Every structure is written in C-alpha cells, then in structure tokens.
Amino acid sequence: MNNRRDFLTSAAGGVTTALSARRVLGANDRLTGAFIGVGTMGTENLKVALEQGVRAGAVCDVYQPHLERAAALARRQGSTPKEVRDFREILADRSIDFVCIATPDHWHPYMMVEACKAGKDVYVEKPACVAVEEGRKMVAAARKYNRVVQAGTWQRSGDHFQRACEMVRTGVLGKVTACKTWMYQNLPQAGIGNPTESRPPAGLDWDLWLGPAPERPFQPNRFGVYPNAYSYFRYFWDYAGGILTDSGIHMIDIAHMALGDVMPGGVAAFGGKLWLRDDSETPDTMMVAYEYPGFLCSWGHRTNNMENANRVMAVTFHGDKGTLYVDRALFRLTGEKDSGLKAMEVKRGVDGHPMHWTNFLDCVRTRKRPNSDIETCVRSTTACLLGNAALRSKLRLDWDDRTNTVLQPEAAPYLRRDYRAPWKLEV
C-alpha cells in the first residue's frame, strides 16, 4: 500500500490498459455477476444486485442450504445461475464480469487477488483482510490487473454520510482535533454459548470453508451459522478480528473519509472478555486510542450496556466551532457557544447500500475508481487491525505508513498470518 501522496496520485489515473484482456463494457450492457458466499450478507448483496438489473451467472457456497436458497432467489428474479461449491470454477468462467465476495473474512484476500488475476472486477465485503500484510497485496493486485474493486464499506455511498464528511472537510466545525467512534450492545452474558466439537452438518464442505486458515475439527460456533444471527466466525482470531474489524471499520472508515484518509501514527488499546461467558476469543469490551496527524480518534465497544437503544453505532467529530454526530439514521450539528453555527439535524435520505452497488456497477462500465476503492478499505481495515495488534501485544504501536509496518518487532506475529497449504497469496 502506498503512502497518502501516492494514493491520491494513483486515484486520479484510473484508466484501462492492455493489462486487461477483457472488453470494456458499454453503458447499455447487462452485467453478469457471480456471488461467492451467500449467507446473510451475501444474500443481501445478491438481492440488491438483482434489483439493479444484474444477471446472476452463478452462486457459490460451501454450504448446500445457502447455495439452494440463493439459487432460488436468483431464479425468482429471472436469472438461471449455476450452483457452484468451489469458487475456482467461477474464476475460470469467462462469461462472468464481476464477482461479489461475501465469505468469512479470512477468505477475502485470496479470493479477491485471484479474481483480479482472472480478469474480473470485484465487490468484496469488509473488512478487507485479517492480517495487515494481506492488504498491501490486495491493493497491488487491483492495480496490476487494472480491476475495479469496491469494498463493502457502503456508508461512503450514503447521502447523509457524504454530506457530513463534506462539512468536516470544508471547515464547518473549524479545526477538528478529536473524533470518537463506538458501538454499544446489551447482550445476554451467556453470549454465543460453548458448544463442543462435532461432525459438520450435512451439505457443508468444512475443509474448503477453512481454506487458508489452520486445520481444526468442526465446531459449531466457528462456523457460526444459526437462524436469525450473523455468523459467529467473526469472534475467532483465525477468521476475523471481532467487533472492531466487523463493525468498528464502518465508523473508523467515516472518520477517515472526513479527515483525508490518513493513517494513525500511534495506536494503544485496552480490553478483553469482561462480560461474555462464551467461547468467543475476541474482546467483548475494548477501548482504542489513535494518534493521527493533527487529531486524535478513539474506538470503544461494550456488550453489556447500550446507553441509548436508538443509537448503537456512531461517530462524533469535535471542532472548535462545533460538534457533528453521525450514525446510520442521521447527522446532528451542534455549535459551540458564540460560534455562530446553527444547530441542525438531517435524517438519512436513501439507503446507502443500494447506492453503493449503483456506484460499483457504474464503475465497472466506466472504469472509474469506486467510492470505496479497495485502497481506502485496506487503510481503514489496517487501522482496526492495529488496534487489535496493540491489544494482543500489550504495546503502544508506531505505524510507518511508508513501509506498511510497525516499529515494534514484538508485534509482528499479530500483523501477519501463515496460509495453510496449498493456498498461497501471490499477486
């Protein structure tokens, strides 16, 4: 990943080159997509894409019930998708214009890089990766193979988020020296429980689900597919980074969007399992302090107190002229005394998620950089991963954005991961 100056320079030059052997689509062409990972979020992406005229050429999942459900949904919308268990079959299919990757997080880097190498554009869910070193390779692949890669940090396409960030950038709040991001929940202390290892359910290819992650026996919570719940894989270090990378990335990404997509120079964190009595590994309570050039930012989450049932996840910007609060429903501006700023509240207009898909599909046709280009998501993901690394290493970390590493070698084990054979992340 390049530094900030290189990022701005590269973002201005998104042109199609001979690196891509595939045609540039005309404005009236119907796009054909393949959807890899069709659990809860993957199904939502499929629905939105179908509503925008995409033809579902294939659906892919290692779990047969998910595969059948997605195929039925696509058929109801007029598509006749192939039902595929192994994503490599999709990458070899030249009729596919783009892939949507909504697998568990530990699969995102490998699938995205291989899709780019296969000449396909990509919509990949957040977070971009599980280890810092993977993100740099994801950006390199998108650039090397000249692919449009939109990340699933869809708030960047939300109208009220865009307006709020513009207010910060244009100085409405004055000089912003601090921002706060958070997510609060009130969960039963039993959490996700403590199931024992068992045989995989019928229709699940457990070995392919694990992929590059360490080999281990099936355990229900690590797979984590239950009715009316997002998969619990996100609470285990082998596959994800817990609440910070799952939800925190959305709010930290908005802080980045508003304040120039810069990276923190220093990171410190505290937290642990202070409430839940389940087998999850990631912290249920956490505070992270980030030192950025010219401002500070914090992330906090807890799982035993919601404070305000209508405001679960949000970001607040603090400037010398005023304070701006933003969540998924609205933004609220409050002026400092004698600042001359008038208080205002603006509610969300259109849903940002469908608009994010509109932006992605437009960029596939025009070859422009999308709203959540993979490089912005890698930077926001890296900030989250550094928070986790600071917590796990019990160190204050100093990030070098030029070399994409920290100055504390003791933290290195938390910035990388080994891939299980035969998987290799190679650009």
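The values are calculated or read from the model by the stated rules, or taken from the named source; none is laboratory data. Keep in mind it's a predicted model, so treat the numbers as computed, not measured. Here the Cβ is made from the backbone with ideal geometry for all residues, glycine too, and neighbour counts use every protein chain on show. Just so you know, the surface numbers come from the protein's heavy atoms only, side chains and all, with ligands and any DNA or RNA stripped out. Shrake-Rupley method; radii C 1.70, N 1.55, O 1.52, S 1.80 Å.
Side notes on the structure shown:
- Tally of residues being open to solvent by 30 Å² or more (accessible area, probe 1.4 Å) and outside any helix (DSSP H, G or I) across the range 230-264: 5
- Matching residues in the range 27-68 - criterion: being open to solvent by 10 Å² or more (accessible area, probe 1.4 Å), over 23 Å from the mean Cα position of the chain (by Cα) and farther than 14 Å from residue 360 by Cα: 28, 29, 55, 64, 65, 68
- Residue 382 being closer than 28 Å to residue 318 by Cβ, among the hydroxyl-bearing types (Ser, Thr, Tyr) and in a strand (DSSP E or B): no
To keep it simple, each residue is scored yes or no on (1) over 29 Å from residue 216 (Cβ atoms); (2) of a type in the set (S, T, N, Q); (3) open to solvent by 10 Å² or more (accessible area, probe 1.4 Å).
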residue	(1), (2), (3)
364	yes, no, no
371	yes, yes, yes
375	yes, no, no
380	yes, yes, no
404	yes, yes, yes
410	no, no, yes
417	no, no, yes
422	no, no, yes
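- Listed conditions (1) open to solvent by 10 Å² or more (accessible area, probe 1.4 Å); (2) modelled with pLDDT of 95 or more; (3) assigned to a loop (DSSP other than H, G, I, E, B) are all met by residue 282, apart from (1).
- Test: residue 270 is part of a strand (DSSP E or B) and aromatic (Phe, Trp, Tyr): yes
- Of 102, 118, all but one fail to be touching a Gly at 6+ places or on another chain (Cβ under 9 Å) and small (Gly, Ala, Ser); the exception is 102.
- Selection from the range 127-154 of residues that are in a helix (DSSP H, G or I), surrounded by fewer than 24 Cβ atoms within 10 Å (Cβ to Cβ) and not hydrophobic (A, V, I, L, M, F, W, C): 133, 136, 137, 143, 144
- Residue pairs meeting the criteria (Cβ under 8 Å; at least 6 apart or on separate chains; first open to solvent by 40 Å² or more (accessible area, probe 1.4 Å), in the range 318-331; second hydrophobic (A, V, I, L, M, F, W, C) and assigned to a strand (DSSP E or B)): 318/176; 318/178; 318/179; 328/313
- Sub-8 Å Cβ pairs linking a first residue in the range 37-54 that is among the β-branched types (Val, Ile, Thr) to a second residue that is open to solvent by 10 Å² or more (accessible area, probe 1.4 Å) and not in a helix (DSSP H, G or I), at least 6 apart or interchain, are 38/61; 38/102; 40/230; 40/231; 54/30; 54/32, ordered by first then second residue.
- Any hit, the range 301-312, residues being within 23 Å of residue 154 (Cβ to Cβ), at pLDDT below 95 and either in contact with a helix residue (DSSP H, G or I) (Cβ under 8 Å, 6 or more places away or on another chain) or among the hydrophobic types (A, V, I, L, M, F, W, C) (or both): yes
- Contact map, the range 237-260: first residue at pLDDT 95 or above and of a type outside the set (Ser, Thr, Tyr), second residue part of a loop (DSSP other than H, G, I, E, B) and open to solvent by less than 10 Å² (accessible area, probe 1.4 Å), Cβ cut-off under 6 Å, separation 6 or more or different chains; pairs are 238/213; 242/282; 249/127; 253/153.
- Selection within the range 94-116 - more than 22 Å from residue 210 (Cβ to Cβ), open to solvent by 10 Å² or more (accessible area, probe 1.4 Å) and either touching a Ser or Thr at 6+ places or on another chain (Cβ under 9 Å) or part of a helix (DSSP H, G or I) (or both): 95, 97
- Subset of the range 33-76 (residues that are in contact with a Leu (Cβ under 9 Å, 6 or more places away or on another chain) and part of a loop (DSSP other than H, G, I, E, B)): 38, 52, 53, 54, 61, 62
- The range 268-292 residues that are more than 28 Å from residue 407 (Cβ to Cβ), paired with ones that are surrounded by fewer than 19 Cβ atoms within 10 Å (Cβ to Cβ) and among the basic types (Lys, Arg) (beta carbon under 6 Å, 6 or more apart): 284/273
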